[in-house]
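I am attaching a structure below and will ask some questions about it afterwards.
The values are calculated or read from the model by the stated rules, or taken from the named source; none is laboratory data. Keep in mind the model is a prediction, meaning the values are calculated, not measured. Here the Cβ positions follow ideal geometry from the backbone for every residue, glycine too, while neighbour counts run over all protein chains shown. These accessible areas exclude ligands, DNA and RNA; they are computed on the full protein's heavy atoms, side chains included. Shrake-Rupley method; radii C 1.70, N 1.55, O 1.52, S 1.80 Å.
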Amino acid sequence: MVTRGSEIRSTEKYIERNSSFGIRLSNDKVILLETMGTENPGRPNPLIGSPFAAAPPPTATPFSASGPVVGSEASVSRPPAQPPQNTMLSMSSGSVAGTQASGIRPNNPPTRFNGPSVTSSSTAYVPPTSGPPFQRYPTPQFPSVHQAPPAQAPPIGQPPFQPPAGQLPSPASFHLQPQVPVAPMGSPPSRLNSPQLSSDSSSFASRMNFQPSFPHMDSSYSAARATLQPSLAGYVKQANAISQASPLTPFQAQQGGYAAPTPPPPPSFLPQQGGFAQPPPVGTPFGLHSRDQIQHPGSAPPIGGIQGLAEDFSSLSLGSVPGSFDSGLDPKALPRPLDGDVEPNSLGDSYPMNCNPRYLRLTTSAVPSSQSLLSRWHFPLGAVVCPLAEAPDGVGICEIEEEVPVINFISTGIIRCRRCRTYVNPYVTFTDSGRKWCCNICALLNEVPGDYFAQLDATGRRIDLDQRPELTKGSVEFVAPTEYMVRPPMPPLYFFLIDVSVSAVRSGMIEVVAQTIKSCLDELPGYPRTQVGFITFDSTIHFYNMKSSLTQPQMMVVSDLDDIFVPLPDDLRVNLSESRSVVEAFLDSLPSMFQENVNVESALGPAVKATFMIMFLLGKKLLAKGVENKLMTRSQLGGKLMIFQNTLPSLGVGRLKLRGDDPRVYGTDKEHALRIPEDLFYKNMAAECTKYQIGVNVYTFSDKYTDIASLGALAKYSGGQIYHYPSFQSATHGEKLRHELARDLTRETAWEAVMRIRCGKGVRFTSYHGNFMLRSTDLLALPAVDCDKAYGAQLSLEETLLTSKTVYFQVVLLYTASCGERRIRIHTAAVPVVADLGEMYRHADTGAIVSLFARLAIEKSLSYKLEDARSSVQLRIVKALREYRNLYAMQHRLGGRMIYPEPLKFLPLYGLALCKSAALRGGYADVQLDDRCAAGFTMMALPVKKMLKLLYPSLVRVDEYLLKPSAQANGFENIMKRLPLTIESLDSRGLYVYDDGFRFVVWFGRMFSPDAALNLLGQDAAVEFSKVALGKHETEMSRKLMGLLKKLRDSDPSYYQLCNLVRQGEQPREGYLLLTNLVEDQIGGASGYSDWMVQIHRQVQQSA
């Protein structure tokens, strides 16, 4: 560490060599000023560090730059009379009002420090007798910076420091900062973590815990820092916490209704000529600095290289006082996705013909040009594909058809590249007067069929371009000719396999299922081709003959589970339109048919095998009747199998045993075995089902262990879905089952589908993640796919260096529509190839990255411990942010700031939420094993928007809306102002709705109005909420609340949010329904948001 004297000498030499950065004064003393440009205007000017201040320790101060340090030894010379420059401090102060100078008095240091006697001074603020009103946070009393010890007296002739008249120095709880040209990085947040000043300003000193530190004589001196413990400033009075500090003018008033002070008088001098000006004021250290907040009104704008550097990234200031547990981080400044998922559109201008992002979202819309660059991108490089994504709420059917037009190439046939088989798309080019077209994927020249030929205009565009949607739209659908079929299109088939054991009867599941199926018969897709079939089981298997000539169904029971026999295979699956009356009679009698059943066994495995045999035998029957297709024996009819399971399978093939009840297994290498199938029977059956185009959806209901890890393999490997209803009771959960089963039955489904993603030269997709069976290296088999299913894929580079400037992607889904047509849905997108890692970050998509993170972490938990899966998420975030920090470490003084690209500002929070999700959090006692496995299967299939909402749900306050008269109530959008997921957002006088897309939690504060609660719940308001179901009452408040919940459900109908009522303090119900899901709070051993950010920042700094 250099001495103060050596610093002064080195400074003088430095200034002589760099005269453009300073003005020489008398006695060879200089003052550094900010330059107004760069010596080389063609190259950014890196920030120049101070030659007389050592670089601060990594955790000592969180700030990147400061103005000139005030004090007799802080600067080498006495500055001219001018307003003091703003200095980046550990707290921010408002503008100082008044014109009186502050008084300075000596203050002896504590005797506990070893070293020479050092004098310091304390500056007390004297309120003016007149002047403008104060801000909420006037300048507090503070200790001044250190004066030099006697052994290092100031140079002869230098007078002691006197503050300029009419101005006060900034609060001095700071360390000496490098003297650099300052680029403003943000504006003060609307609320500061500093104690509120009383009317007597002198009392402020008693609230400050100053711990001055005096190093030895030969070391450079560091100013004392104030230990400011942030107050517990929650979000109780905030309608919506900010994720970014809102821009403030230097004279804008703080919160609390105080009037803004008038601007201070202008400086008594003009900026020096020759390109020098005052450094602009520096924003608060606590806050997010975005490019929208770069400049302050009234300050000199940063220009040249400094401005470019400041705009490249966002930052968050972190720093703590040595010996204190305070991280120095303002929780309100943390970024939060309170607006939900925002689809990326960074390439909208460059590639306007790309498909909509809801169909294809890349983790970054900039492909790296080399393997070395890819190795520095520590996030997954890939995409999330939802080929049948549903249009957002409010988009009409006409707009959907316009976005994905259906095209029938009757005369020409479908136009494809003869080498790579790419379909014609907006990015192909036509040459040779329109007689040839060049493939954008493999660059092969293809002949244009005569019926597809059109002349080119002067710009090389086809003259019929406006009549060719396939050449102007990124998403199209082709009607496939017969050569795309291996057999006639299959009719929609729904086969129901229902558990009728005693637990299923008592829960009421059978009645709800039967009623829901009957109510949806008219809406099943594919009428009049739709077919249905039913099997029930307990310790035996029950088949039902529903031949159209019967008036009542005939039940046939098979008890031999080892050698399954299928009776009357011709009539076990029937055409719904022909046997409608028989089917309805069966559904009406099903609940009472097994009302007295006391059988506790479950033969699920043999029942699944029998269902598969029925489909296989029906295919043979069609073949025997003369269906002319030689491939029928290889690919039978197929359909959708829906299993309703209430008991752990206990009989026959596929029987399972209880496991997961030993807590000692958790945390060991054997832990992951609990989350994978115990018996491979169900995985093998799923493979057979996929081979014959059978998709399986599994509904589970038990309040006991049912081994969803094994049963879920049926859905995972057949492209299906898991629906889990723990401890199901029809009175409580019946409405959720009705809506979700009805949507499963009536939503448009793509049958017997296969999907492939084609890429440009040099790149390819190497791994896929989701619910499907991989038929070949790049062909996904999807027996039944719908709008609620998405698939992840990871990309790799096949070449060391990409020579093309653009990479193209084409997602192709070949499927059978419910109407019987064979169709090809195509989504095409183009992205640039870049050689700059910063460009990859600037085009990153948080939603796609988080979705792939979730899939990778869940898959990792199937082979490793939960802790390893959680650590992998944090490690990848740390590596990526460390790499990003290294991009700017040489050009920018980062200090203790945490920097990150603007598009990824929410990524750390989503990473924390993922680690706290039901699929990954805690251990044995935190989440039931079945609940954890069900959550994992569900998350593997979720689209991006649904995934992000599950990880960071919405929390809104609704009591103010309910209490207002309808005429004065704001619109729906104004009500839905989301709050941070922390307990400080909850006011005990309020009513809140928590929505994660799968359930509602309505939280009643302890002091919520009893009259309002009576209006909402009636007489149930005084009952324990676990026994209360929210219903509609004949009051205005009740109607408004139910209407609000209905709008929330309608905005995303993929799942039905069941309403759970919770009263504040009602434990353990409040804990497991709400408090454990407030992801920003520290719950158990899991970190809170602030601690998580500090952990990530420290790990980033360790090797940055």
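Any idea which of ASP926, ASP930 is over 24 Å from LEU795 (Cβ atoms) and open to solvent by 20 Å² or more (accessible area, probe 1.4 Å)?
Numbers: ASP930 fails: open to solvent by 20 Å² or more (accessible area, probe 1.4 Å).
Criteria check complete, one pass: ASP926.
Of the numbered conditions (1) closer than 23 Å to GLU752 by Cα; (2) touching a Pro at 6+ places or on another chain (Cβ under 6 Å); (3) outside any loop (DSSP other than H, G, I, E, B), GLU511 satisfies every one except a single condition; which is it?
The failed condition is (1).
Given the criterion among the hydroxyl-bearing types (Ser, Thr, Tyr), under 19 Å from the mean Cα position of the chain (by Cα) and not assigned by the TED database to the domain that holds SER365, identify the matching residue among SER872, SER861. Working first, answer last.
Details: SER861 fails: under 19 Å from the mean Cα position of the chain (by Cα).
Going through SER872, SER861 in turn, just one is among the hydroxyl-bearing types (Ser, Thr, Tyr), under 19 Å from the mean Cα position of the chain (by Cα) and not assigned by the TED database to the domain that holds SER365: SER872.
Those residues that are assigned to a loop (DSSP other than H, G, I, E, B) and either farther than 23 Å from THR530 by Cβ or of a type in the set (S, T, N, Q) (or both), I need them from region 785-830; list them, please.
Initial filter on region 785-830 (assigned to a loop (DSSP other than H, G, I, E, B)): 786-790, 798-800, 802-805, 817-821.
Residues satisfying the conditions are ALA790, GLU798, GLU799, THR800, LEU802, THR803, SER804, LYS805, SER818.
When residues of region 555-568 are filtered for being under 18 Å from ASP499 (Cα atoms) and open to solvent by 60 Å² or more (accessible area, probe 1.4 Å), how many remain?
The qualifying residues number 4.
Looking at SER539, SER559, SER579, which is the one that is free of Cβ contacts under 8 Å to residues at least 24 places away in the same chain and of a type in the set (Ser, Thr, Tyr)?
Values: SER539 fails: free of Cβ contacts under 8 Å to residues at least 24 places away in the same chain; SER579 fails: free of Cβ contacts under 8 Å to residues at least 24 places away in the same chain.
So the residue among SER539, SER559, SER579 that is free of Cβ contacts under 8 Å to residues at least 24 places away in the same chain and of a type in the set (Ser, Thr, Tyr) is SER559.
One residue is enough: does region 569-584 have a residue meeting the conditions outside any helix (DSSP H, G or I), among the aliphatic types (A, V, I, L, M), open to solvent by 70 Å² or more (accessible area, probe 1.4 Å) and in the same structural domain as ARG655 (by the TED database)?
First pass over region 569-584, keeping only residues outside any helix (DSSP H, G or I): 572-579.
Those still in the list that are among the aliphatic types (A, V, I, L, M) too: 572, 574, 576.
Right, trim to open to solvent by 70 Å² or more (accessible area, probe 1.4 Å) and you get none.
Looking for residues that are outside any helix (DSSP H, G or I), among the aliphatic types (A, V, I, L, M), open to solvent by 70 Å² or more (accessible area, probe 1.4 Å) and in the same structural domain as ARG655 (by the TED database), one finds none in region 569-584, hence no.
Which of (1) crowded, with 17+ Cβ neighbours inside 10 Å; (2) within 37 Å of the chain's Cα centre (by Cα); (3) closer than 30 Å to LEU637 by Cβ does VAL479 not meet, given it meets every other one?
It is condition (1) that VAL479 fails.
Turning to a different aspect of this structure: Which members of region 504-526 meet the condition of being small (Gly, Ala, Ser), surrounded by fewer than 21 Cβ atoms within 10 Å (Cβ to Cβ) and over 26 Å from ALA784 (Cα atoms)?
Within region 504-526, just GLY508 meets the criteria.
Checking the conditions here, which among ALA919, ALA913 is small (Gly, Ala, Ser), outside any helix (DSSP H, G or I) and buried (at least 22 other Cβ atoms within 10 Å of the Cβ)? If you could, list the steps in order and put the result at the bottom.
Numbers: ALA913 fails: outside any helix (DSSP H, G or I).
Of ALA919, ALA913, the one residue that is small (Gly, Ala, Ser), outside any helix (DSSP H, G or I) and buried (at least 22 other Cβ atoms within 10 Å of the Cβ) is ALA919.
Let me ask you something else. Of all residues in region 638-672, which are of a type in the set (A, V, I, L, M, F, W, C) and either in contact with a strand residue (DSSP E or B) (Cβ under 6 Å, 6 or more places away or on another chain) or open to solvent by 40 Å² or more (accessible area, probe 1.4 Å) (or both)? Let's see the steps before the verdict.
Applying the first criterion (of a type in the set (A, V, I, L, M, F, W, C)) to region 638-672 yields 641-644, 648, 651, 653, 656, 658, 665.
Across region 638-672, the qualifying residues are LEU641, MET642, ILE643, PHE644, LEU651, VAL653, LEU658.
So SER475 passes all but one of these: (1) farther than 18 Å from LEU572 by Cα; (2) at pLDDT below 90. Which condition number does it fail?
It is condition (2) that SER475 fails.
Further, regarding this structure: State yes or no: is LYS609 at pLDDT 70 or above, in a helix (DSSP H, G or I) and open to solvent by 20 Å² or more (accessible area, probe 1.4 Å)?
Numbers: at pLDDT 70 or above: yes; in a helix (DSSP H, G or I): yes; open to solvent by 20 Å² or more (accessible area, probe 1.4 Å): yes.
Yes, satisfied.
LEU471 - would you say it is surrounded by 13 or more Cβ atoms within 10 Å (Cβ to Cβ), without any contact (Cβ under 8 Å) to a residue 60 or more places away in the chain and in contact with a Pro (Cβ under 9 Å, 6 or more places away or on another chain)?
yes
Still on this model: Between LEU981, LEU962, LEU986, LEU991, which is of a type outside the set (Lys, Arg) and at pLDDT below 95?
Details: LEU981 fails: at pLDDT below 95; LEU986 fails: at pLDDT below 95; LEU991 fails: at pLDDT below 95.
Just one listed residue meets the conditions, LEU962.
Please work out if LEU465 is within 43 Å of the chain's Cα centre (by Cα) and surrounded by 13 or more Cβ atoms within 10 Å (Cβ to Cβ). Lay out the reasoning, then the answer.
Numbers: within 43 Å of the chain's Cα centre (by Cα): yes; surrounded by 13 or more Cβ atoms within 10 Å (Cβ to Cβ): yes.
Judged against the criteria, LEU465 is a match.
Exactly one of (1) touching a helix residue (DSSP H, G or I) at 6+ places or on another chain (Cβ under 9 Å); (2) open to solvent by 20 Å² or more (accessible area, probe 1.4 Å) is unmet by PRO1068. Its number?
The single condition PRO1068 does not satisfy is (1).
Now a separate question. Just one of LEU814, LEU797, LEU779 is open to solvent by 10 Å² or more (accessible area, probe 1.4 Å) and over 30 Å from GLY695 (Cα atoms); which is it? Give the steps one after another, and end with the answer.
Values: LEU814 fails: over 30 Å from GLY695 (Cα atoms); LEU779 fails: over 30 Å from GLY695 (Cα atoms).
Being open to solvent by 10 Å² or more (accessible area, probe 1.4 Å) and over 30 Å from GLY695 (Cα atoms) holds for just one of LEU814, LEU797, LEU779, which is LEU797.
So, one more: Which one of ASP464, ASP451, ASP457, ASP432 is on the phi > 0 side of the Ramachandran plot and not assigned by the TED database to the domain that holds TYR768? Please lay out each step first, then the result.
On the way: ASP464 fails: on the phi > 0 side of the Ramachandran plot; ASP451 fails: on the phi > 0 side of the Ramachandran plot; ASP457 fails: on the phi > 0 side of the Ramachandran plot.
None of the other options fit; the residue is ASP432.
Also, I was wondering about something else. Quick one: count up the residues across region 676-687 that are touching a residue at least 40 places away in the same chain (Cβ under 8 Å), more than 17 Å from LEU497 (Cα to Cα) and of a type outside the set (Phe, Trp, Tyr).
2
Please specify each residue of region 859-891 satisfying the condition of being in contact with a Ser or Thr (Cβ under 7 Å, 6 or more places away or on another chain) and farther than 22 Å from SER767 by Cα. Step through it out loud before you land on a result.
Here is the first cut: in region 859-891, the ones in contact with a Ser or Thr (Cβ under 7 Å, 6 or more places away or on another chain) are 860, 869, 882.
Across region 859-891, the qualifying residue is only ARG882.
Now a separate question. Considering only region 1059-1098, state which residues are among the β-branched types (Val, Ile, Thr) and part of a helix (DSSP H, G or I). Give the steps one after another, and end with the answer.
Taking region 1059-1098 first, the residues among the β-branched types (Val, Ile, Thr) are 1062, 1076, 1079, 1083, 1094, 1096.
Residues satisfying the conditions are THR1076, VAL1094, ILE1096.
Cβ-Cβ below 6 Å, separation at least six or inter-chain, first residue in region 652-669 and more than 23 Å from GLY605 (Cα to Cα), second part of a helix (DSSP H, G or I): which pairs?
VAL665/GLU671
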